[in-house]
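Comments concern the structure below.
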Amino acid sequence: MRIDVLTIFPEFFGQVFDFGIIRRAKLAEIVEINVHDIREFTTDKHRMVDDRPFGGGDGMVLKPEPIFAAVESLVGTSDRPSYDEGTRVVLLTPQGQPLKQPLAKGLADETKHLVIICGRYEGVDERVNASLVTDEVSIGDYVLSGGEPAAVVLVDALVRLLPNALGSETSAENDSFSNGLLDYPHFTRPAEFRGMKVPDVLLNGNHAEIEKWRREKALEKTRNFRKDLLEGENGDM
Ligand code: ADE
């Protein structure tokens with residue numbers, strides 16, 4: 001997968017993609033991640049990336065011209081129906097569809113080239129949505145100052161789902177949410193720590209019993225902390 005992130009704060013991303021699974025996936029050429037400064041695509045003297053909203057109101061709106069120019073340079077066109085199959089242009093915005101595991105899985109499975117536009121300030125000129133964007137995505141019902149932290153979240157959630165991104169020792173299939181439940185509790189050595197004991201069932205080597213215990217604990221955690229997941233209130237879980 002190739003990922004291009006468009007932002008007015010490229011320095012924000014510093015080394016954020018240089019650790020752990022993302023770093024390993026980059027080194028293994030499972031994913032290529034490039035961060036682009038939207039300002040580099042301006043053509044005016046002042047290199048303006050934002051402007052006041054028509055109709056008045058607070059804040060600034062990201063201008064369409066540099067974003068169109070960036071997408072044209074990265075995708076080859078700003079005409080959404082002409083995108084190659086496997087090209088997705090995601091706008092991160094609190095107005096987007098909520099990022100849940102199935103959306104991450106769908107994007108990881110179907111996308112070859114992902115362009116991520118980090119929204120800012122009061123918003124992004126609506127013509128960006130109308131012409132360029134294939135998916136508007138929100139990482140949750142709260143407002144960030146911009147899409148940059150959300151881009152990190154989206155990239156992380158996607159990259160770990162790419163084939164071979166996780167070592168053979170781990171699997172995304174056992175993650176929280178991939179079966180619609182929260183994860184079960186984990187323990188490692190020592191078997192007793194400051195008087196707190198690891199449950200006996202995990203020490204006895206009976207895999208059927210361990211599986212049963214894990215399933216029960218996952219259900220219990222989900223019931224206690226995220227009842228909505230069990231009641232199907234969460235729509236697309
Ligand atoms: N930009 C601002 N808030 C956001 C959110 N919750 N998700 C994605 N992008 C955002």
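The values are calculated or read from the model by the stated rules, or taken from the named source; none is laboratory data. Everything numeric in this text was worked out from a predicted model, so none of it was measured. Positions of Cβ are backbone-derived with ideal geometry, glycine not excepted, and every protein chain shown enters the neighbour counts. Keep in mind that these areas ignore ligands, DNA and RNA; they rest on the heavy atoms of the full protein, side chains included. Shrake-Rupley method; radii C 1.70, N 1.55, O 1.52, S 1.80 Å.
Side notes on the structure shown:
- Within the shell defined by Cβ-Cβ distances under 11 Å, the residues around Arg52 carry a net charge of -3, with Lys and Arg each +1 and Asp and Glu each -1.
- Asn34 long-range amide H proximity, modeled H, under 5 Å: Ile3, Asp4, Val5
- Top positive-direction residue, dipole computed over the range 9-87 with Cβ charges, set Gly14, Val31, Gly56: Gly14
- Estimated inter-spin distance, Asp141 and Phe193, nm [label 7 Å along Cα→Cβ]: 3.5 nm
- Distance between modelled label sites at Leu202 and His186, nm, 7 Å Cα→Cβ extension: 1.0 nm
- Taking label positions 7 Å along the Cα-Cβ direction at both Glu85 and Lys26, the computed distance is 3.1 nm, reported to one decimal.
- Shape index of the range 41-152: Rg/Rh, with Rg the Cα radius of gyration and Rh the Kirkwood radius from the inverse mean 1/r over Cα pairs, equals 0.97.
- With the Kirkwood sum run over all distinct C-alpha pairs, the chain has a hydrodynamic radius of 20.2 Å.
- Cross-link partners of Lys227 among lysines, defined as those whose alpha carbon lies under 19 angstrom from its own and excluding same-chain residues fewer than eight positions apart: Lys100, Lys217.
- Pairs of Cα atoms in the range 17-106 fall into 10 Å distance bins, from 0 up to the last occupied one, in shares of 13, 29, 39, 17, 3 percent.
- Taking the 1.4 Å solvent-accessible surface of the chain as the whole, the part contributed by carbon and sulfur is 49%.
- Taking amide H atoms as placed 1.01 Å from N in the peptide plane, the amide H of Ser138 lies under 5 Å from those of Thr93, Gly96, Gln97, Leu99, each 5 or more residues away in sequence or on another chain.
- Highest mean packing comes first when the peptides 172-180, 205-213, 71-79 are listed by Cβ atoms within 10 Å, giving 71-79, 172-180, 205-213.
- Residues whose amide H comes within less than 5 Å of that of Ile117, counting only those at least five positions distant or on another chain, are Leu6, Val90, Leu91, Leu92 (H built at 1.01 Å from N in the peptide plane).
- Among Glu192, Glu122, Glu136: highest mean-square fluctuation, GNM of the chain, C-alpha pairs under 10 Å: Glu192
- Heavy atoms of the protein chains alone define the surface here; on that basis the chain has 59 Å² accessible area per residue at 1.4 Å probe size.
- Helix-derived mean residue ellipticity, 222 nm - over the chain, DSSP H n ≥ 4, -39500 (n - 2.57), to 500: -9000 deg cm²/dmol
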